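For reference, the structure discussed in these notes is given below.
The values are calculated or read from the model by the stated rules, or taken from the named source; none is laboratory data. Treat the numbers as computed from the prediction; the structure is a model and nothing was measured. Positions of Cβ are generated from backbone atoms using ideal geometry, with glycine treated the same way; all protein chains shown enter the neighbour counts.
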Amino acid sequence: MEASKTKLFSKDDLKKLIIPLLFEQALAITVGMADTVMISSAGEAAVSGVSLIDMFNNLIISVLAALATGGAVVTSQFLGAGKKEDACKSAKQLIVSSVCITIGISILVMMFCNGIISLFFGKIVADVFHNAVIYMMISALSFPFLALYNSCAALFRSMGNSQITLKVSVVENIINIGGNALGVYVLGLGVAGVAIATVVSQAISCVLVLRCLYKSEGSYQLRFSKLCMKKDYIIPIFQVGIPAGIQSTVINFSNVLLQSSVNSFGSIAMAGYTAANNVLGFLYTSVNSVTQACMSFTSQNYGVGKYKRMDKVLIDCLILSSGIALVMGGGAYLFGTEILQIYTGDPEVIRCGMEILSITTVPYFLCGIMDLFPGALRGMGCSAVPMILSVIGTVGTRIVWIFGIFPRHRSLYVLFISYPGSWIITIILQVICYLIVRKKAGQQPYKKRKKTKSQKNRG
């Protein structure tokens with residue numbers, strides 16, 4: 001009875017959730033571009049040092065995002081089932097576990113900073129290494145703040161509210177840009193100035209979003225006096241979050257292999273790939289926003305047993321994600337030269353960037369579809385299998401392509417055919433998996449009712 005009273009997301013709610021998410025993620029990328037421009041005034045060594053550590057930090061961020069995903073799925077399922085108290089308890093477990101894990105990560109990173117840099121990036125120039133150490137030591141302080149923000153943002157999304165995090169994100173990025181300008185241009189702190197600005201802006205955004213959650217009239221009311229560790233709620237969060245984190249980490253590893261292949265063409269190709277990758281980053285934020293919304297919607301409907309509504313959510317998200325990706329991908333291809341000129345004026349770099357964009361932008365809707373099905377599966381509490389399939393389909397295809405096909409036909413175009421190729425293979429695997437899981441989910445209510453009836457007859 002309680003579950004029937006739970007307000008589930010409508011089609012209008014879907015749009016209200018996705019649009020702020022889209023702007024929030026696009027804003028983050030735009031600010032990242034601004035950071036790059038500012039730090040460039042401190043010299044090439046500073047830029048290289050920050051770029052290297054950003055690659056490492058992205059691995060940490062993917063793990064934190066995966067943990068937040070696990071928490072959002074579990075709490076949304078409780079919320080959909082009308083179990084508000086359990087939803088609130090699982091939300092608190094997400095916050096506590098996020099803090100504990102990231103404090104440990106921050107300490108380890110700061111203790112073994114030099115060794116981590118050497119392990120990940122090998123022998124690098126002394127000036128670059130020096131800047132990388134400074135940036136890593138300071139930016140590691142931001143991990144707990146980032147984890148808390150991601151956790152709270154995921155909880156707000158599970159309630160269908162992404163406007164709060166968008167507003168907080170705007171404040172955060174204004175502080176970040178202002179702090180960067182102050183640290184780099186006024187105080188002349190170089191890399192340290194950028195890192196300090198990042199830590200301060202993320203700390204402030206963390207405080208703001210925690211305050212919003214504390215004052216929330218919604219499903220999760222945070223009370224710091226009642227925070228504690230309870231394995232009954234943490235284990236389900238990890239069961240969803242850990243596979244998602246492994247998937248992100250392994251896919252990032254495949255991107256490192258791809259980067260190495262690009263590096264074999266020289267510095268011009270490397271610069272072209274960097275510029276093109278920034279464009280692809282904008283495309284990814286658009287499809288990922290839809291995936292996040294789909295996961296939240298699926299979790300709630302799955303929790304209350306509304307499977308047909310869950311199917312409709314997936315179809316709506318497929319149409320929306322494909323439409324957005326086709327428009328943005330087509331625009332990125334048609335105006336690719338003009339867009340790449342934002343990053344570089346070198347015609348050879350632009351040519352390399354366009355060679356990559358020509359094979360990746362228009363079919364980018366495939367990436368959106370590939371991303372949606374694992375999101376829907378995680379919404380149903382199934383995370384391990386889509387992780388395995390993503391590793392096989394995406395990473396496996398790219399490894400085979402890089403070491404088998406690419407050496408015989410060396411060009412950027414041939415190398416990046418592995419993108420749409422891996423998307424198609426992964427989609428096929430994920431669709432098969434989804435149909436199997438969805439069929440089993442549809443049978444559960446019937447089996448439950450049948451069992452209850454037989455029990456009554458025996459009684």
### Message
As an exercise: evaluate residue 139 against (1) surrounded by fewer than 23 Cβ atoms within 10 Å (Cβ to Cβ); (2) in contact (Cβ under 8 Å) with a residue 12 or more places away in the chain; (3) under 25 Å from the mean Cα position of the chain (by Cα) and give the number of the one condition it does not meet.
### Response
(1)
#### Entry: Selection count where residues are loosely packed, with under 14 Cβ neighbours inside 10 Å and closer than 22 Å to residue 262 by Cβ, scope segment 380-436
8
### Task
Return a yes/no flag: does segment 285-304 have any residue that is farther than 16 Å from residue 69 by Cβ and surrounded by fewer than 18 Cβ atoms within 10 Å (Cβ to Cβ).
no
### Message
Looking at residue 313 and the list (1) modelled with pLDDT under 80; (2) more than 20 Å from the chain's Cα centre (by Cα), which single condition is not satisfied?
### Response
(1)
### Message
I need a count of the residues in segment 337-354 that are surrounded by fewer than 21 Cβ atoms within 10 Å (Cβ to Cβ) and under 17 Å from residue 413 (Cα atoms).
### Response
4
### Message
The conditions are (1) under 24 Å from residue 292 (Cα atoms); (2) of a type in the set (A, V, I, L, M, F, W, C); (3) over 23 Å from the mean Cα position of the chain (by Cα), and residue 67 fails exactly one of them. Which is it?
### Response
(3)
### Query
What number of residues within segment 43-73 are surrounded by 22 or more Cβ atoms within 10 Å (Cβ to Cβ) and closer than 20 Å to residue 177 by Cα?
4
### Message
If I go through segment 205-222 residue by residue, how many of them are over 16 Å from residue 75 (Cβ atoms) and at pLDDT below 65?
### Response
1
### Query
Can you tell me how many residues in segment 151-178 are surrounded by 19 or more Cβ atoms within 10 Å (Cβ to Cβ) and within 15 Å of residue 198 (Cα to Cα)?
5
### Message
Scan segment 407-416 and tell me whether some residue there is part of a helix (DSSP H, G or I), of a type in the set (Lys, Arg) and modelled with pLDDT of 85 or more.
### Response
yes
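Pick out the one residue from 52, 64, 119 that is free of Cβ contacts under 8 Å to residues at least 24 places away in the same chain and in a helix (DSSP H, G or I).
Only one candidate qualifies: 119.
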#### Entry: 3 or more residues hydroxyl-bearing (Ser, Thr, Tyr) and either in contact (Cβ under 8 Å) with a residue 12 or more places away in the chain or out of contact with any Ser or Thr (no Cβ under 8 Å at 6 or more places or on another chain) (or both): qualifying helices (runs of 4 or more DSSP H) within segment 257-375
267-304, 307-334
### Summary
The lone condition residue 318 fails out of (1) within 18 Å of residue 289 (Cα to Cα); (2) aliphatic (A, V, I, L, M); (3) surrounded by 19 or more Cβ atoms within 10 Å (Cβ to Cβ) is (3)
